[in-house]
Amino acid sequence: MKLIDIKNAKPDMRLARAVENASGMILYGEGMKLTIPIIEKFNSLDIDSVYVEGKSEPRLSRERYLGIADIAFSKISNNPLMNEIKKDFTEYINSLYE
Amino acid sequence: MNKPSYADIKKKVERLSSLPTIPPVVTKILKVIGSEDISLKKIAEFISRDQALSARVLKIINSPIYGFPGRISSISQAVMLIGLGALKGMLLGISMFDMMQKTMIGLWEHSIGTAVAAKVIAAKVGIKEIEDASVAGLIHDIGKVALGICYPELYKNVIAVAKERDIYIVEAEEDIIGVNHAEAGSWLARKWRFPLSLVNSIEYHHNPSAKRPSMTIAIVHLSDTIIKMMGFGFSGDPFAHRIEQTAWDTLALTGEDLKGIFMEIEEAILSQETSIF
């Protein structure tokens, strides 16, 4: 599932979460395939973003993410809890590139 | 330049809204935020009179920082959903946007990122006051802006020294000005009669154990560190702060929870990079 800006919505993408109005009423259900009229309708309703199926491209390269994390953790590397958090973060970053 | 006295710093920070360098529109917003008899209705009227401000409020309230299920299209609806305390905080964040950019490049992104992270974590741990946590994330570093406005030359020096000596910005602030941003921010939040949970989140976001950490303090403490690890924005130094064990225990998150949190934050950042950031 990925959250996309409505500008990047394209026909044939599938909604991964229902689109609701402010009162929580479902306007378009989960699994619905987007079409040009539906995307135009989102624009007319001022809907900025929707969840669609699929995986986002990572924001940074794996090396960049891990390099930033190494610097971030450099002053607290002797702390067991922080090492655990860093391990979880590294596993998460690696999963983005599998 | 000599270090100002503690009492002088406090006095100057608390009178921030009357400084000549504050743009008139911000002074107006700060006056509304600090007014004793302010109500949701009055704030809604004030926001609605200013088109640019209305647009900013609606943009933020419809962003992943809040995650309301559908599109919020009117200011009156927005203020009812978010509540008075969180609304005052959001207005403060919005009004400080330009000054955040001037104080430190990347601070607005760091603040927005922390707000998004706080929302995601608040939803994960299941607290009711998700909007309060988001707003606390948005304005947790407001003290940096206050110190930057009150002492522009000294604060430039703070940023330079933190970089040269590879130290935390908090250490450079204490060394050069004598007060850190968490304390300075809490003075403002108290003066503007923010809810106590917001005041405490600003004051204790680096050392939650100094106060028995509430859920909101613990959330902001963790969000601040996560957003630094994820390399989003800049808050004066690249170093994560140690998560205090008491705060971690308060949140009771597992490693799997954390991975889910990283994923949701990243998705929110990716989806909104071109609009609110």
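Things to note:
- Members of the range B:193-220 found to be within 15 Å of B:LEU251 (Cα to Cα) and assigned to a helix (DSSP H, G or I), listed by number: B:SER201, B:PRO208, B:SER209, B:MET215, B:THR216, B:ILE217, B:ALA218, B:ILE219, B:VAL220
- Per the listing B:ALA182, B:ALA218, B:ALA189, the residue uniquely within 26 Å of B:LEU258 (Cα to Cα), crowded, with 23+ Cβ neighbours inside 10 Å and of a type in the set (Gly, Ala, Ser) is B:ALA218.
- Identity of the residue in the range B:92-116, within 21 Å of A:ARG59 (Cβ to Cβ), small (Gly, Ala, Ser) and part of a helix (DSSP H, G or I), that ends up farthest from the chain's Cα centre (by Cα): B:GLY113
- Within the range B:208-226, the set of residues being over 12 Å from B:SER134 (Cα atoms), within 14 Å of chain A (Cβ to nearest Cβ) and out of contact with any Pro (no Cβ under 8 Å at 6 or more places or on another chain) comprises B:PRO208, B:SER209, B:LEU222, B:THR225, B:ILE226.
- Options B:ALA86, B:ALA78, B:ALA44, B:ALA7: the member that is within 14 Å of chain A (Cβ to nearest Cβ) and either out of contact with any Cys (no Cβ under 8 Å at 6 or more places or on another chain) or touching a residue at least 60 places away in the same chain (Cβ under 8 Å) (or both): B:ALA78
- Any hit, the range B:121-133, residues being buried (at least 24 other Cβ atoms within 10 Å of the Cβ), basic (Lys, Arg) and not in a loop (DSSP other than H, G, I, E, B): no
- Residue, surrounded by the most Cβ atoms within 10 Å (Cβ to Cβ), within the range A:8-45, restricted to residues that are basic (Lys, Arg) and within 29 Å of B:MET80 (Cβ to Cβ): A:ARG17
- So B:GLY126, is it under 18 Å from the mean Cα position of the chain (by Cα) and among the small types (Gly, Ala, Ser): no
- Counted residues, the range B:232-255 - those being more than 8 Å from chain A (Cβ to nearest Cβ) and either among the charged types (D, E, K, R) or closer than 18 Å to B:HIS181 by Cα (or both): 7
- For the range B:221-237, the set of residues classified as crowded, with 20+ Cβ neighbours inside 10 Å and assigned to a loop (DSSP other than H, G, I, E, B) consists of B:MET230, B:PHE232, B:GLY233, B:SER235, B:GLY236, B:ASP237, listed by residue number.
- Some residue of the range A:56-71 being away from chain B (no Cβ under 11 Å), of a type outside the set (A, V, I, L, M, F, W, C) and in contact with a strand residue (DSSP E or B) (Cβ under 7 Å, 6 or more places away or on another chain): no
- Failed item in (1) closer than 26 Å to B:SER223 by Cβ; (2) surrounded by 15 or more Cβ atoms within 10 Å (Cβ to Cβ), with A:ASN78 passing the rest: (2)
- Residue that is surrounded by the fewest Cβ atoms within 10 Å (Cβ to Cβ) [pool: residues in the range A:54-75 that are over 16 Å from the mean Cα position of the chain (by Cα) and among the acidic types (Asp, Glu)]: A:GLU63
- Among the helices (runs of 4 or more DSSP H) confined to the range B:1-54, the ones with at least 1 residues that are acidic (Asp, Glu) are located at B:6-14, B:40-49.
- Test result for B:MET229, away from chain A (no Cβ under 14 Å) and not basic (Lys, Arg): no
- Selected residue (only one of B:GLY83, B:GLY89, B:GLY126, B:GLY93 is out of contact with any helix residue (DSSP H, G or I) (no Cβ under 9 Å at 6 or more places or on another chain) and among the small types (Gly, Ala, Ser)): B:GLY126
- Considering residues of the range A:9-49 that are basic (Lys, Arg) and within 21 Å of B:ILE269 (Cα to Cα) only, the residue farthest from the other protein chains (Cβ to nearest Cβ): A:ARG14
A short reminder: the numbers here are calculations on the coordinates, not readings from a lab. It should be emphasised that the depicted structure is a prediction, and the values quoted were computed from it without experimental measurement. Note that we place each Cβ from the backbone using ideal geometry, even for glycine, and neighbour counts take in every protein chain shown.
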